[in-house]
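In what follows, a structure is listed as structure tokens, so that the remarks can point back to it.
Read the figures in this text as sums done on the coordinates, not as results from a lab. Because the structure is predicted, anything quoted here is derived from the model rather than measured. Cβ sites come from the backbone with ideal geometry, for glycine too, and all protein chains shown count toward neighbours.
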There are 2 protein chains.
Amino acid sequence: MYNPQPGDRLESLDTPSMIVDLDLMEANIAKLMGRLLPAGVNIRPHLKTTKSPILARKLIDAGAKGGCVAKLSEAEVMTAGGIEDILITCEVVGPVKVARLVELFRQYPAVKTVIDSEVGASALDAALAESGLKPPLQVLIDVNVGQNRTGVAPGEPALALARHIGGLKYLKLVGVQGYEGHLQHLHDRQEREGKCRAAMAVLSGTADLLRRNGFDIPTVTTGGTGTAEFCATCPGITEVQPGSFIFMDTDYRNAVGRFYSNSLTILATVISKPEPGRAVIDAGLKSLTTDSGFAEPKDLPGVTYVPNGDEHGSLTWQDGPGLAIGDRVEMIPSHIDPTINLHDFYYAHRQGVIEEIWPVATRGKVQ
Amino acid sequence: MYNPQPGDRLESLDTPSMIVDLDLMEANIAKLMGRLLPAGVNIRPHLKTTKSPILARKLIDAGAKGGCVAKLSEAEVMTAGGIEDILITCEVVGPVKVARLVELFRQYPAVKTVIDSEVGASALDAALAESGLKPPLQVLIDVNVGQNRTGVAPGEPALALARHIGGLKYLKLVGVQGYEGHLQHLHDRQEREGKCRAAMAVLSGTADLLRRNGFDIPTVTTGGTGTAEFCATCPGITEVQPGSFIFMDTDYRNAVGRFYSNSLTILATVISKPEPGRAVIDAGLKSLTTDSGFAEPKDLPGVTYVPNGDEHGSLTWQDGPGLAIGDRVEMIPSHIDPTINLHDFYYAHRQGVIEEIWPVATRGKVQ
């Protein structure tokens, strides 16, 4: 039976398999902590990237404080896996999901979530009132800092929502969140920094407005892999949420450079060699996402990848010895989070020997 | 604890959830069988769509003969689930995967696979020789009928491969496969039919060439949802492999029309209403794939969907009452197979009452 174990070599893995170079991953973590911790901010990594309490623990051991998840169902897995200080960064809406949040909060009172509407706040409060739970749920106001996705408008609209939350018995406002997702992949570093600092001024300005109106706002949380280094030194920012830095992808590498290394690849096999200059590998849409461009073969200059359906991809080249049936290639994902979501396990190796196998514990947790 | 059960109404489901309208799905199955069975071909549905032995059984009960899968790991799940007559439609390459195939063949001798190279055939034969298993493994030659993905060239190259396989003791050549994947989504029906019939002439011509040279070729297998109706009446075609017809998607609907209905949707919730004319739902890249365009909201004319990251999507509109926080919408996937691969369960309902819950048993089975 196929059953890979620590101590096995990568050659023993079937393909496609998701593999992590531990030396590179550990260096990425050390670089992030070394860059951001001296600024005095909390680092609350976004665990929508790694999807694993084991990896969340490694980040905490390196200096992180808790973690973020996007969805309630991810929070259920992370808390059960021992990561109790969790911020849910998406609005929790609908009676079924609110009921699940109340159940989670009953067991793990450190769980926090974000709110961007009075109707959302009131629904949470009503469910908590009915539950008989005593401690108020900690919530943050989700502020639109220019991404134009979710979030209440900064300034007066945010203050109005704070006042609404202030009138609710079972919610405790503890901060504001603003995610400048639209800036993460700007290639020009100066432009990225300038626009990021402007967005941070909007966010911390809203926090100050709330404080001037009597609200205690200990947490101002923001940032991703493309901006965290700037956010960390912006006045008033207390916490950053980078996630992708641990593994990177081609989209982030193209935008922010090679300070962090691509530490995760998808190992694939050439299954067909139908013509000169083209080989077909066993990794297609079901192994590598395409929303942010196509994956790239690692260490194969001049070789280009194009997916050919769910389970196939073509590698093409002009010169050189090329590839033969049975050859293995490592593919660098274009977008790391949804690519990890396609796989069940990480095979973490050091120089080709598997050291650890981590389940992708929150894979598929979209609720 | 959140634990949906048959008998519950759709309103009790958290979102995003993958739901199936049973009336529409059953009509799709009946339409396919009614259209193709009279032509006298075997129907071997491609189970890379449904990813479920339960659904494979429903198709067999309706008239199908066995099923196809793309990958060995899918065949492991399907056979264990009672679907033993399985054709693996991708080449099985590499020592680890070949060893897994031998183990599977030991338990399920009806498993078949395809081959497009002498090196691939010899590797399979050598592993089978070493296994001590007696009955030869049934194989089909994968022929390139114009898709230019995998497959040996038709005519003499296919004959040369047949001769090579004929000299191997542990493989038994039982047919040819050719997939005209490049024609499935041609919007012009006449063009699709004309090019399909030409591709089928290439495939059946190769089968005839092999027969004239002494090979018994009982199976000539091909076709998808966009072409199966034509393939079924082409001379020499014995078997068709449609998969997507059971649920459809917007890409197939746009190409082949509404003979089959969109029977599967992703149920989502409006979690934010940041401005007039725009609502944010909880379904993004992790719930709906984008490789074949963006998903569409069902029964919301004038409303357009754009994904906003892994867990968000924006619905926008010009006129009308629009949507409010907490409203639910059904999203029609653009590409059904990889979208199903993102979810763990089907919730199959009839007029809003859940009748059955099916695990997506081969989700993530990319090996």
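The C-alpha radius of gyration of segment B:22-246, expressed as a fraction of 2.2 N^0.38 Å, stands at 0.98.
Could you work out the relative contact order of segment A:279-339? I mean the mean sequence separation of Cα pairs under 8 Å and 6+ apart, divided by the number of residues, in percent. About 44 percent, as a whole number.
Dividing the mean sequence gap of close Cα pairs (under 8 Å, 6+ apart) by how many residues chain B holds gives a relative contact order of 21 percent.
Note on segment A:240-272 and segment B:270-309: Cα centroid distance 27 Å, given to the nearest whole angstrom. Overall, the protein assembly as shown carries a charge dipole of about 380 debye about its Cα centre when +1 sits on the Cβ of Lys and Arg and -1 on the Cβ of Asp and Glu, all other atoms neutral.
Between A:GLU356 and A:ALA348, the built amide H atoms are under 5 Å apart, and every one of these is 5 or more places off in sequence or on another chain. For segment B:197-256, the square roots a ≥ b ≥ c of the C-alpha gyration tensor eigenvalues yield an a/c of 1.5 or more together with a/b exceeding b/c, which makes the shape prolate.
For B:GLN351, inter-copy separations between label points set 7 Å beyond Cα along the Cβ vector come to 6.9 nm, shortest first. Counts of other chain beta carbons within 10 angstrom of each beta carbon in peptide B:276-285 average 4. With label points defined 7 Å past Cα in the direction of Cβ, position B:GLN5 shows copy-to-copy spacings of 4.2 nm, given to one decimal and shortest first. Spin-label model, A:GLU156/B:ALA160: points 7 Å from Cα along the beta carbon direction are separated by 7.9 nm. Treating each Cα of the protein assembly as shown as an identical point scatterer and summing with the Debye formula, the log10 of I(q)/I(0) at q = 0.07, 0.09, 0.10 Å⁻¹ comes to -0.51, -0.82, -1.00. Using a 7 Å projection from Cα along Cα-to-Cβ, the label point at B:LEU133 is separated from the same position in the remaining copies by 5.3 nm, smallest value first. For B:GLU130 and B:GLU84, what is the calculated FRET efficiency with R₀ set at 25 Å and r taken between the beta-carbons, to the nearest 0.05? Calculated transfer efficiency: 0.55. Taking chain B as a Gaussian network of alpha-carbon nodes connected by springs under 10 Å, the highest mean-square fluctuation of the residues B:GLN351, B:GLN138, B:GLN147 belongs to B:GLN351.
For segment A:128-202 versus segment B:315-348, the inter-centroid distance based on Cα atoms is 26 Å. The sum of -39500 (n - 2.57) across all DSSP H runs of n ≥ 4, divided by the residue count of chain A, sets its helix-only mean residue ellipticity at 222 nm to -9000 deg cm²/dmol. Find out how many positive minus negative residues lie around A:GLY167, taking Lys and Arg as positive, Asp and Glu as negative, among other residues whose Cβ is under 14 Å from that of A:GLY167. Within the 14 Å Cβ shell, the charges total +1. The simple Förster model, with R0 at 41 Å and r as the Cβ-Cβ distance, assigns B:GLU103 and B:HIS185 a FRET efficiency of 0.65. Normalised by the number of residues in segment A:200-239, the average gap of Cα pairs under 8 Å and 6 or more apart makes the relative contact order 45 percent. How high is the FRET efficiency from A:GLU11 to A:PHE259, r the C-beta distance, R0 35 Å, rounded to 0.05? The pair A:GLU11/A:PHE259 has a calculated efficiency of 0.65.
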